[in-house]
């Protein structure tokens, strides 16, 4: 999870001097933050420090971060006509600073630690672009989707091209795996996922897969349309804690070559140590006897997480 | 849904003169708001106007409503010791004004229109009591649950007794059906639902059922533990739009006598009329040929909802 930095004291120290966007914009700082959890925790992979909403800057939507409310989009998409006015985005130049951070990280990492690049999925990006920030009911997003289906699909097509190319560019810059984050897609019904989201996630994942590195397709709340979600693509399917790991894996097809990623509830890291250990070992047991499990959280690390709890989890997963 | 009033102009007019809590506290006003949608829309049942958090006042937790943030709990539960200090609550006296509103509504309603009473489920109430307001990650709630399991179960036991008795008292005051709202229970894993919530929901539903009227057990995001959720109790199981109605019903047991309630996405009411109609007819088709479907939304009406869209849905469901 990109928030991997949020709970580390060395990250907080950097944040006292730099805004979140500054850390993203300056490749040397983004690389530094990316490396922090690797150096401290000895995790098996690094994940790029960036924000899924960075493409909103070259898209002209405007992006700021408020202390409490999180991301704020200055010029959200509220009318169909706005979609056609979005400028084309070329990740190689418009998000070149992210690719530069990828190159710096890859150069600094030991050869046995791969870097995972990532991007927001079309639906999750569209929801922020339309809502203008976080939301609990996704009212504006769904209303736009239902009322302006042509503009919706055009927006999703453009976002799919953008993030697919952006992911592929990260692989060319040295990322050895890619992750597509569809954090909020669980607000949809299975039928709406199939109609309004599936073809666009599929396109983004195809473009990413063409870069020739493994692709992780992550979502939360996907239990009622997990088969469709997986059918959209991804060598690895990421699931949250709402579905037991073995149940999810079974639903991906018993003889499927799909790997699975997950699925500890991030709040478990704030539990007493024996309770945390019980939960980690339960997930490991559910994945036992089958290759292809990437241990991870079901969503991002919470800023309140004690570092030594994360370290304990890494050590248990490593066989301690 | 209790928010049935929020989108009606006659409700907004009352709200210009009275705070939300005033409308709840004064039985004649609460009765008036309860009757508004019945009079305007000719729905088949009335649902009591109240707030699920009203029991927090006699519990001494303190309750206010902020314009944007919604409910604010003045003295949230953060320490295990606070649970034992909670005073006993007798719904007959401490929430007597709600029961008086029930009596006034029942007197005013035509005989063929039943009143549905309701209460928040133990988990949803506990989450507000601990978080102190709305939340997206339920961090404080789950941390309390994991770190203080004895205090958690004690809190849930007390809330279950309280809401179970409160529901039964509403039935004795004249409500002809009861609904237990577990709006936020979908943030949990199936295992956590079974351990930390199930026995307490079951207890609350048993106490309610003893009053001898049908009980509706409503939740959102329950798809990954729907069988357990239903096993906790309820003559009717309410589901949200994340699971197709026929799939949910099938999972309750093909020969089960359980009725089902749902499951239109509230945002669909903001869709263009033909799209809204398509969605309503799809739900009706999924319930066709089987008795025991209560048409409803998957969650509360949004304040932005056009009244004539609600009226159109009522008319379609009535066979128009």
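What FRET efficiency comes out for the pair residue B:258/residue B:311, r = Cβ-Cβ distance, R0 = 35 Å, nearest 0.05?
0.75
Could you tell me what % of all Cα pairs in the stretch A:193-320 have separations over 27 Å?
Cα-Cα pairs of the stretch A:193-320 separated by over 27 Å account for 22 percent.
Sorting B:180, B:207 on the 10 Å Cβ count, fewest up front, what's the list?
Starting with the residue having the fewest Cβ neighbours, the order is B:207, B:180.
Could you list, bin by bin from short to long, the percent of Cα-Cα pairs of the stretch B:18-64 in 5 Å steps?
Over the stretch B:18-64, the share of Cα pairs per 5 Å bin runs 5, 21, 25, 20, 15, 8, 5, 1 percent.
Can you list the distances in nanometres, one decimal and ascending, from the residue B:308 label point to the identical position in each other copy, with the point 7 Å along Cα to Cβ?
Listed shortest first, these distances are 6.6 nm.
So if I take the centroid of the Cα atoms in the stretch B:55-121 and the same for the stretch A:271-320, what is the distance between those two points in Å?
Cα centroid to Cα centroid, the span is 39 Å.
Would you calculate the separation in nanometres between label points at residue B:157 and residue A:85, each defined as 7 Å from the Cα along the Cα-to-beta-carbon direction?
Between residue B:157 and residue A:85, the simple spin-label model gives 6.2 nm.
Where does the Debye-calculated log10 I(q)/I(0) of the stretch B:57-207 sit at q = 0.16, 0.17 Å⁻¹, using only Cα point scatterers of equal weight, no solvent?
The calculated log intensity ratios at q = 0.16, 0.17 Å⁻¹ are -0.90, -1.00.
Using a 10 angstrom cutoff on alpha carbons, build the Gaussian network for chain A and name the most mobile of A:16, A:150, A:103.
Sorting by GNM fluctuation, first place goes to A:16.
Assume the label is 7 Å from Cα along Cα to beta carbon: what separations in nm does residue A:79 have to the matching positions in the other copies?
Copy-to-copy label distances at residue A:79, shortest first: 5.7 nm.
Counting DSSP beta bridges in the stretch A:2-317, what percent are antiparallel, to the nearest 5?
So the antiparallel bridges in the stretch A:2-317 amount to around 15 percent.
Of B:58, B:88, B:110, which has the largest mean-square fluctuation in a 10 Å C-alpha GNM of chain B?
Greatest mean-square fluctuation among the candidates belongs to B:110.
So what's the convex hull volume per residue for the Cα atoms of the stretch A:105-146, in Å³?
100 Å³
Between residue A:284 and residue B:191, what's the calculated FRET efficiency when r is the beta-carbon distance and R0 is 25 Å? Round to 0.05.
0.95
Kirkwood Rh, the stretch B:180-248, all Cα pairs: how many Å?
Final number for the Kirkwood radius of the stretch B:180-248 is 12.1 Å.
So what is log10(I(q)/I(0)) for the protein assembly as shown at q = 0.11 1/Å, when the Debye sum runs over its Cα atoms only?
After summing over all Cα pairs, the log10 values are -1.14.
If you take the alpha carbon radius of gyration of the stretch A:2-317 and divide it by 2.2 N^0.38 Å, what ratio comes out, to two decimals?
Dividing the Cα Rg of the stretch A:2-317 by 2.2 N^0.38 Å gives 0.95.
Taking each label point as 7 Å beyond Cα in the direction of the beta carbon, state the distances from residue A:291 to the same residue in the other copies, shortest first, in nm.
5.8
Report the residue of chain A with the smallest Cβ-to-axis distance, using the rotation axis that brings A onto B, in whole Å.
Whole-Å result, nearest residue of chain A to the axis: A:223, 3.
For peptide A:296-305, compute the average count of partner chain beta-carbon atoms within 10 Å of each residue's beta-carbon.
Across the residues of A:296-305, the mean count of other-chain Cβ atoms within 10 Å is 1.
For the residue pair residue B:273 and residue A:100, what label-to-label distance in nm results when each label sits 7 Å from Cα along the Cα-to-beta-carbon direction?
Reported label-point gap for residue B:273 and residue A:100 is 5.6 nm.
Across peptide B:130-138, how many C-beta atoms of other chains are within 10 Å of each residue C-beta, on average?
2
If I stretch the segment between residue A:64 and residue A:246 completely, what's the gain in nm (0.36 nm per residue apart, minus their alpha carbon distance), one decimal?
In short, 61.6 nm is gained.
So what does the Cα-only Debye profile of the stretch A:221-278 read at q = 0.15, 0.17, 0.21, 0.22 Å⁻¹, as log10 I(q)/I(0), no solvent term?
Computed log10 I(q)/I(0) values: -0.48, -0.58, -0.78, -0.82.
Rule-based calculations on the coordinates, nothing more; no lab input. From a predicted model like this one, the values you see are computed outputs, not experimental measurements. Note that we place each Cβ from the backbone using ideal geometry, even for glycine, and neighbour counts take in every protein chain shown.
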